[in-house]
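Structure first, then comments.
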Amino acid sequence: MSERKRPKIALLGNPNSGKSSLFNRLTGLNQKIGNFPGVTVDKKSGFCLLPSGVTAEIVDLPGIYSIYPRSLDEQIVAEVLLDHRGADSPDKIVVIADATNLKRGLLLLTQIIDIGLPTILALNMMDLVAKAGISYDLKKLSARLGVQVVPINARNGVGIDELKRVLSQPFAPAEKNTFNVWDEAKAPVRELREKLSVDNDYEAYQFLEQPNSLRFLSKSDRETVDHIRNAYNFFPGKFQGAETIQRYSVIQDLLNDVILKAADLSWKNTTSRLDRFLTHKVWGYVSFFAILFLIFQAIFAWATLPMDFIDSGFANFSSYLKSVLPEGPLTSLLAEGIIPGIGGIIIFVPQIAILFAFISVLEESGYMARVVFLMDKVMRKFGLNGKSVVPLMSGVACAIPAIMATRTIDNWKERTITIFVTPLMSCSARLPIFTILIALIVPNETALGFFNLQGLALMGLYLLGFLAAIGSAYIMKLLIRVKERSFLIMELPTYRIPKWSNVGYTIVEKTKAFVLEAGKVILAISIILWVLASYGPGDKLENAREYVLQDAANQRLTEQALEDRIAAFRLENSYAGIIGKAIEPVIKPLGYDWKIGIALITSFAAREVFVGTIATIYSIGSVGEEDEVTIKSRLREEINPETGGPRYTPAVGLSLLIFYTFAMQCMSTLAIVYRETKGWKWPLLQLTYMTGLAYLSAFIVYQVLR
Amino acid sequence: METPGNVAQMKPGEIAIITGFTDDYISVKLMEMGCLPGVPVRFNFTAPLGDPICISVSGYELSLRLEEAATITIVN
């Protein structure tokens, strides 16, 4: 403990109270995401230099309506507040409240005050208060609550300096109590305070009320609490409703005293007019799908340019490294393993940035709550939530940002199901595989005059992915049994123009999280795959050139054709090739040979590699992936030695299409699921399920059609 | 007219007074969100598929599912 302790300041408040705006104001880009010990909730913190010269650590706690937790996120807040001796216990608390709707904010504030930590109230959205014609007697409010009150406007920064000034001064916990522990609870509370070191009655009362939020206590202490609870027949939750009523009646009296002028509700007119349109039977869905279409378009179209740029940039860098560094395994690892591995991570950044720009705008503007409102009934039937719509649709572009977007779903079960089924939506990386295989097996003709058959086939595959996602969600709904009851009691916030700097912070935060967290896993697997594809037993890889020359001695090959042959030979004799041959018996029932097997292995990490591997293995590597015609005609010529007919029959082609529709084949997705669910259980289940589904479906398709 | 009922039975535009709850678990959450006995509630509109619904209570807009709204008893 040589380092001087930084004061910890926790931000608390209702959702939509402007907490993240205040957090961004106080910390700027000086933010980091960590973990609360042992749990799956992100801890957002940052640093803020106070006028006193002290740098304080600002911790942004999840938005809550009360100290009684309903979700895991909320339980973390309860634990941080109850554990006055712990490392995460804040030295000061700022409760931020929406001044246009103070009543609900004060419920939380009075609970925090009663728990006995030094607290101040930041009254946010003072601009709207003025607009709504509300006027408060802030001095009286402060005196009645027993805490300092700082009016702020987190959006434009008004009052932030004053807030910092107040925070740099020492202040004590408020001495007033809003809530008095019930007579029946007094005896157990007293006994608890005698046996355990607890600061005040309400904290002790919370120990009795929240048996699940006491993981910070030692086992013996927890037993003491349980013992007291049993001895006095104290049922957690029994008096919670009565406590809420008592608090609100105190708050109502207080508000009657401090509100000098009440709101006239005309400032909400814009919101109700917008709602009449945006939740309309027809226009509501039309506008929703228009927005989805825009997002989808943006991810698909706008991201292409930077993605191509990143792609060629990393490819050029690789070949540059190869040309300047001495030849050897280290250069090869760098140029063919690590650099492409990092490139494979960075390439997703444009899509992630664009999706989160949109999501952040939807959240900030208040529209996201309306999406939930519109879609909840449909999605609920499938074990999903109104909020699952955005991740599912985004999954059509890329599952990685889509899965990161499931954060907005509070219900654990619904969020897990959404994460689980999102990769079944056909993402953009499946497109190159789909186009080549469809072109191979579906004639380029029109049916009924205007339906292009190939286009229909492609649409069918997207539909199939969607149906698989919805169907799997339904099955999981029946399988997962949790105590957590699904409910939707959600504020429909007033529409607001998004604050663009908050949008920027969200983009930076999400991109950073992806690159750093998922990147580690992706890089590791890239290196393993590089080793598998570059090394093999014996001398065949080192002396590939001699082997190929010997083999092709009597053929007249151009230099380029020879190089392609050598590349194919090396891949065939690498460990990846050997594994491809080894799994041939397993994939034979699907209609695949060892060459396709190799492509399955190499595209395990990223499905789009399939096309490149196929090109290499059929010795057409140098023609480039864009040259689909070459690949197509080469595939068409490939002969199945057993039948003497073409290798890529419609049965094989369709079996492959179905396989790639369902199979996971994307370690970036696995890595992000690992990060989002904070464990290997769900990614492994997902991998097994999707691979199993892919295998079984491809098997059935091939066996029926051949 | 004194017809006791619940919020799920209200029609758009109607205003009523909350009298109580029929589900303990959900009532706690509802009360935290400002649905308190004695407080007026206005039924604003339903989602296009009839569920969930939007109400005004304690000075703000709240959406909830019909099954939850049905646990809030009212008098108008």
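The values are calculated or read from the model by the stated rules, or taken from the named source; none is laboratory data. It should be emphasised that the depicted structure is a prediction, and the values quoted were computed from it without experimental measurement. Counting neighbours? That spans all protein chains shown, and the Cβs are built from the backbone with ideal geometry, glycine included. Ligands, DNA and RNA are excluded from the accessible area calculation, which covers all protein heavy atoms including side chains. Shrake-Rupley method; radii C 1.70, N 1.55, O 1.52, S 1.80 Å.
Counting every alpha-carbon pair across chain A, the share separated by more than 44 Å comes to 36%.
Inter-chain Cβ neighbour count for A:488-499, averaged per residue, equals 4 (cutoff 10 Å, partner chain atoms only).
For peptide B:50-59, what's the mean number of Cβ atoms from other chains within 10 Å of each residue's Cβ? Walk me through the intermediate numbers first.
On the way: counts 1, 5, 11, 1, 8, 1, 4, 0, 5, 11.
That average works out to 5.
So how do A:389-395, A:14-20 stack up, highest first, on mean other-Cβ count within 10 Å?
On the way: A:389-395: 25.0, A:14-20: 22.7.
By packing density, highest mean first, the sequence is A:389-395, A:14-20.
When a 1.4 Å probe is rolled over the protein heavy atoms, the share of accessible surface on chain A that falls to carbon and sulfur comes to 60 percent.
As a check on your grasp of the helix formula, calculate [θ] at 222 nm for chain A: sum -39500 (n - 2.57) over DSSP H runs of n ≥ 4, divide by the residue count, round to the nearest 500. Before the final figure, lay out the partial values.
Working: 34 runs with 402 residues, N = 706.
Per the formula, -17500 deg cm²/dmol.
Label sites at residue A:688 and residue A:486, each approximated as a point 7 angstrom past Cα along Cα to Cβ, lie 2.4 nm apart.
Surface analysis of chain A yields an accessible area of 44 Å² per residue, using protein heavy atoms and a 1.4 Å probe. Taking every residue in B:22-31 and counting other chain Cβ atoms within 10 Å of its Cβ, the average works out to 5.
A dipole drawn for the protein assembly as shown from +1 and -1 charges on Cβ atoms has a positive end, and of A:397, A:102, A:635 the residue lying farthest that way is A:102. Note on residue A:219: aspartates and glutamates with a C-alpha under 20 Å away, same-chain residues under 8 apart excluded, are A:79, A:83, A:88, A:191, A:194, A:199, A:203, A:209. A run of chain A free of exposed loop cleavage sites, with chymotrypsin sites (Phe, Trp or Tyr not before Pro) counted only in DSSP states other than H, G, I, E and B and at most 13 other beta carbons within 10 Å, reaches its longest extent at A:172-449. Summarising the label geometry, the points placed 7 Å from Cα in the beta-carbon direction at residue A:463 and residue A:500 lie 4.3 nm from one another.
Could you calculate the FRET efficiency of residue A:407 with residue A:301 from 1/(1 + (r/R0)^6), where r is the beta carbon distance between them and R0 is 35 Å, rounded to 0.05?
Details: r = 25 Å, r/R0 = 0.73.
For residue A:407 and residue A:301, the calculated efficiency is 0.85.
Looking at segment A:86-176, what % of its DSSP beta bridges pair antiparallel, to the nearest 5?
Counting DSSP beta bridges with both partners in segment A:86-176, the antiparallel share is about 10 percent.
Less than 5 angstrom separates the built amide H of residue B:6 from those of B:74, all sequence-distant by 5 or more or on a different chain. Here the 3J(HN,Hα) profile of segment A:315-332, calculated from phi with Karplus coefficients 6.51, -1.76 and 1.60 at θ = phi - 60°, is 5, 5, 4, 4, 5, 4, 4, 4, 7, 9, 8, x, 5, x, x, 5, 4, 4 Hz, Gly and Pro shown as x.
Proximity of backbone amide H atoms, modeled 1.01 Å from N, is registered between residue A:13 and A:64, A:96 at under 5 Å, excluding neighbours fewer than 5 places apart on the same chain.
Computed on protein heavy atoms with a 1.4 Å probe, the accessible areas place A:45, A:220 in the order A:220, A:45, largest first. Expressed per residue, the C-alpha convex hull volume of segment A:374-525 stands at 189 Å³. Once A binds B, the 1.4 Å probe can no longer reach about 3200 Å² of accessible area, counting both sides. Between residue A:58 and A:9, A:46, A:47, A:48, the built amide H atoms are under 5 Å apart, and every one of these is 5 or more places off in sequence or on another chain.
Our estimate of slack between residue A:450 and residue A:531, defined as 0.36 nm per intervening residue step minus the Cα-Cα distance, is 24.3 nm.
What FRET efficiency comes out for residue A:703 versus residue A:638 if R0 is 22 angstrom and r is the Cβ-Cβ distance? Round to the nearest 0.05. Kindly include the intermediate steps, with their values, before the conclusion.
Working: r = 21 Å, r/R0 = 0.96.
Once the sixth-power term is evaluated, E becomes 0.55.
In segment A:519-705, the ratio of gyration radius to Kirkwood radius, Rg to Rh, stands at 0.99 when only Cα atoms are counted. Applying a DSSP loop filter and a limit of 15 other Cβ atoms within 10 Å to the GluC sites (Glu not before Pro) in segment A:113-217 leaves A:175.
Note on residue A:324 and residue A:139: the model spin-label points, each 7 Å out from Cα along the C-beta direction, lie 7.0 nm apart. Between their Cα atoms, which of A:43/A:139; A:8/A:176; A:477/A:595; A:164/A:195; A:8/A:520; A:43/A:261 are more than 32 Å away from each other? In this structure, A:43/A:139; A:477/A:595; A:164/A:195; A:43/A:261 lie more than 32 Å apart at Cα.
The largest accessible area among A:276, B:65, A:545 belongs to the first residue in A:276, A:545, B:65, and the rest follow in falling order (1.4 Å probe, all chains). Against the compact-protein benchmark of 2.2 N^0.38 Å, the Cα-based radius of gyration of segment A:326-382 scales to 2.05. Phi angles across segment A:208-213 convert, under the Karplus curve 6.51 cos²θ - 1.76 cosθ + 1.60 with θ = phi - 60°, into 3J(HN,Hα) values of 6, 6, 10, x, 8, 9 Hz, Gly and Pro given as x. The string of couplings for segment A:461-471 from the Karplus curve (6.51, -1.76, 1.60, θ = phi - 60°) is 5, 4, 5, 4, x, 5, 4, 4, 5, 5, x Hz, one whole number per residue in order, with x for Gly and Pro.
Charge tally around residue A:443: other residues with Cβ under 15 Å, Lys/Arg +1 each, Asp/Glu -1 each, net +1. Each principal axis of the Cα atoms in segment A:183-238 has its own extent, and those three values, largest first, are 28, 20, 17 angstrom.
Computed over all pairs of different Cα atoms, the Kirkwood value for the hydrodynamic radius of segment A:643-705 is 12.8 Å.
From the P(r) of segment A:39-154, could you give the percentage of C-alpha pairs in the tail past 21 Å? Kindly include the intermediate steps, with their values, before the conclusion.
Working: 2805 of 6670 pairs.
In whole percent, the share of Cα-Cα pairs in segment A:39-154 beyond 21 Å is 42.
Reported to the nearest whole Å, the Cα centre-to-centre distance from segment A:365-419 to segment A:132-191 is 36.
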